[in-house]
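Notes to accompany the following structure.
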Amino acid sequence: MTAQAVIEQFKALSPDQRAEVAKFVVESDDSWIPESFKRGMADAEAGRFADMNVILNDAPPPSRRPAIR
């Protein structure tokens with residue numbers, strides 16, 4: 001079956017049936033999700049994340065030592 005045939009059959013479904021198919025596709029196929037997002041979600045699930053407000057506002061300031069040239 002071609003993609004065009006599937007699309008035509010999809011168009012013929014009722015709105016409820018189209019919603020069911022769309023839900024199935026989103027839950028079953030993550031090829032549309034960028035790899036960088038998947039890695040970020042894996043990091044978050046593993047506890048490897050930080051609150052950006054804390055990092056930007058509460059982190060100690062950088063060292064004031066002069067750069068070595």
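The values are calculated or read from the model by the stated rules, or taken from the named source; none is laboratory data. Quick caveat, the model's predicted, so the values are computed rather than measured. FYI the Cβ positions are ideal-geometry reconstructions off the backbone, even for glycines, and counts take in every protein chain you see. Note: accessible area is taken over every heavy atom of the protein model, side chains too, but ligands, DNA and RNA are not part of it. Shrake-Rupley method; radii C 1.70, N 1.55, O 1.52, S 1.80 Å.
Quick notes on this one:
- Qualifying positions in region 1-56 - modelled with pLDDT under 90, open to solvent by less than 100 Å² (accessible area, probe 1.4 Å) and over 16 Å from the mean Cα position of the chain (by Cα): GLY47, ALA50, ASP51, VAL54, ILE55
- Hits in region 23-58 (condition: aliphatic (A, V, I, L, M) and under 30 Å from PHE10 (Cβ atoms)): VAL25, VAL26, ILE33, MET41
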